[in-house]
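Here is the structure we will look at.
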Amino acid sequence: MNSTRNIFEVPIYQTNYKDGIKSIEEYCLLCKTKDKGRLRSNRKGWQSNDLVAGKNQDIDKLVKLIETESNKFAKAVGIEQVKVANIWININGENCSNREHKHPHSVFSGTYYVNCNEESGAIYFINPSMNGIEYDWKDCTTNLNSATSPEIHIKPKVGDLLIFPSWLSHGVEINNSKNFNRISISFNTLAYPLLQ
């Protein structure tokens, strides 16, 4: 009997959570007025410095949710228990984006979408086998899917929480929505024993 099996997989975890999201949005916008931010992967957009626990009740609840969902993901893929190591805010206005990047020295990373719409830019993930796919399969691929596509784009909805391996290259498309701020909160996790 013939069969096809996947021998390497790149898991991505997704759920949706909207509790306290208006308060979180207000807090994000307030932070932007008080923190000049930092330059990392952001192009034209604003990224906060790392948030500190205890400053906002809804952010603290979000961190607990992220840890709960990250540990569901960890259990599913056979990884040790994890905890949030750092968390920050991204605000991308019109024409802002995030270049392709990874999050080294972390286990899982992810993004929580506070405010977004159809035109504010998808997150995209680069296939770890992209070089081989683009070089050897470029002219013979008839059906782009998770095995043959060099990258996968995911359009988030408000309240979506995406968690993915920190070694997975990713970026954010340009926000093409006029006078609209795409607001997200990103984070890294580490294996629990490393944080003790």
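Key figures
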item: Sulfur and carbon atoms: percent of accessible area, the chain [1.4 Å]; result: 49 percent
item: Unit charges on C-beta of K, R, D, E only; dipole of region 71-185, Debye; result: 460 debye
item: Cut-off 17 Å (backbone N to label point 7 Å along Cα→Cβ of Ser129), residues of region 8-23; result: 8-12
item: Built amide H within the under 5 Å cut-off of Tyr17, gap 5+; result: Asp160, Leu161
item: Placed amide H near Ser149: partners under 5 Å, 5+ positions off or other chain; result: none
item: Rounded if a/c under 1.5, otherwise prolate or oblate - region 80-196, Cα gyration tensor axes; result: oblate
item: Ranking by accessible area, most exposed first, for Met1, Met130 with a 1.4 Å probe; result: Met1, Met130
item: Exceeding the 32 Å Cα-Cα cut-off - candidates Lys18/Lys102; Lys36/Lys155; Lys22/Lys83; Lys64/Lys155; Lys32/Lys75; Lys102/Lys157; result: Lys32/Lys75
item: Listed residue (Asn95, Phe164, Asn49) projecting farthest to the positive dipole end of the chain, Cβ model; result: Asn49
item: Hz values of 3J(HN,Hα) by residue in region 15-30 - Karplus curve (6.51, -1.76, 1.60), Gly and Pro given as x; result: 8, 9, 8, 10, 4, x, 5, 5, 5, 5, 4, 4, 5, 4, 5, 5
item: The chain: angle of helix 57-77 to the longest principal axis, Cα-based, in degrees nearest 10; result: 20 degrees
item: Global form of the chain, assessed from the alpha-carbon gyration tensor, a/c cut-off 1.5; result: oblate
item: Whole-Hz couplings from phi, Karplus 6.51/-1.76/1.60, listed for region 44-54; x for Gly and Pro; result: 6, x, 10, 10, 6, 6, 4, 6, 10, 4, x
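The values are calculated or read from the model by the stated rules, or taken from the named source; none is laboratory data. Just so you know, these numbers come straight off a predicted model, no measurement behind them. Quick reminder, even Gly has a Cβ in these numbers, built from the backbone with ideal geometry, and neighbours come from all protein chains shown. Surface accessibility is based on the protein's heavy atoms, side chains included, excluding ligands, DNA and RNA. Shrake-Rupley method; radii C 1.70, N 1.55, O 1.52, S 1.80 Å.
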